[in-house]
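Here's the structure, in structure tokens; my notes come after.
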Amino acid sequence: MTRISILLPTYNGAQFLEEQINSITAQSFADWELLICDDGSNDGTMSIATGLAARDDRIIILPSEGNMGQRRRLQQLAHVARADLIAVSDQDDIWASDKLEKLVNGLGEADLCFGSSWLIDGNGVEFGRELSASLPPPYRARDRLTWIFRPLVSAHGMLVRRRLFGGSAFTRALAFDWLISLEAAFGGGIVYIPTAQTRHRLHDTNQSNGWFANEPRAPRFISRTAVQTLSRNVERERLFVTGILEHLTFAESLDVQTRQRVKAAHQACLDAWYANWAGGYSATRTLPDRIEQHLKPLAGSDGDWQYFKLRFDQLCMPLLTPSRLSIRRRRQALEWPR
């Protein structure tokens, strides 16, 4: 049986597609199938894919019509995948020749393994830094709760067990790779292999991650723009947190006790932030204590809990109070150490 199914949805990717597929066929780990599904390209993408498939029977092209978007195409590809391990390929990246070998060897009993993503431009010139440099804080092996606020796994860099690559991760507004990595973090665990490298291309037609082309820098401690957008950011993060907790509540890959704890935390957030009843104010005041009761036992380490608590407390207090500004200083010190 094939060990790895590589899913490659395409859309007008003729410029870089051949280089990426060639980097896949050159992998030192050869037990894979490459499943390609096009989303209505009009630039010659399919003629390139068809020509390459004629030279390697591990490349399989699925028939498709219309324009359905990346998520729907990935679902279609996952439905016909034959392997127990899933990898996702962008149409414009370049994989190191030993990427799959290192991910397979590093996975062990974990649910997900991911490598590093080195940024390149449209001409293949390196930016000189890795994608995670723009996503503080850095990866820590035992983190769980931190992942609720910091998605560090990109689909193009991961190898994941097929049972996590289900439909539920594709039905929510949040990024599917974020939700899959959360299930792995709270389930069988995540392994990071920095030497399993993807050269991740940033250019004008990127569907995501294009803003990472800018050099990462610490935000100003407080600014006029930050004051104007603070309330919107708080509301957005509340929606993210409740959406993530709701997803984990129904994640069949997690054990019953974990799901029960997450469900109780989710309900506490709904009561405090969105309930239209007289007890809402009281629920808001007691929310941090209720969250600590339900979620602290799930933390992978003290540092994991402290970072989660720091971020969560920001969602539970009035804007621009002295305590909020103090938390902002502590968060900036953690994410952008001098």
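Some observations on this one:
- Sequence ranges 161-167, 183-189, ranked by mean other-Cβ count within 10 angstrom, highest first: 183-189, 161-167
- In a fully extended conformation the segment linking Ser47 and Leu270 would gain 75.2 nm over its present Cα-Cα distance, using 0.36 nm per residue.
- Take the Cβ atoms of Arg58 and Arg140, set R0 to 30 Å, and the FRET efficiency comes out at 0.25.
- Summary of packing: across the peptides 296-303, 239-246, the per-residue average of other C-beta atoms within 10 Å ranks them, highest first, as 239-246, 296-303.
- Each of Glu18 and Leu174 was given a label point 7 Å from its Cα along the Cα-to-Cβ line. The distance between the two points is 4.1 nm.
- Cα shape, the stretch 1-84, gyration tensor, a/c 1.5 rule: oblate
- Ordered from highest to lowest accessible area with the whole protein assembly present and a 1.4 Å probe, Val160, Val191 read as Val191, Val160.
- Anisotropy class of the stretch 65-196 from Cα gyration tensor, a/c 1.5 cut: rounded
- Stretching Thr195 away from Lys263 to a fully extended chain increases their span by 20.8 nm, per 0.36 nm per residue minus the current alpha-carbon distance.
- Solvent-accessible surface (1.4 Å probe) assigned to Ile60 amounts to roughly 60 Å².
- Here the calculated FRET efficiency for Val125 and Glu292, from their Cβ-Cβ distance with R0 = 35 Å, stands at 0.15, rounded to the nearest 0.05.
The values are calculated or read from the model by the stated rules, or taken from the named source; none is laboratory data. Small disclaimer: the values here were computed from a predicted structure and weren't measured. So basically every Cβ, Gly included, is an ideal-geometry build from the backbone, and we count neighbours across all protein chains shown. The accessibility values were calculated without ligands, DNA or RNA, using every heavy atom of the protein model including side chains. Shrake-Rupley method; radii C 1.70, N 1.55, O 1.52, S 1.80 Å.
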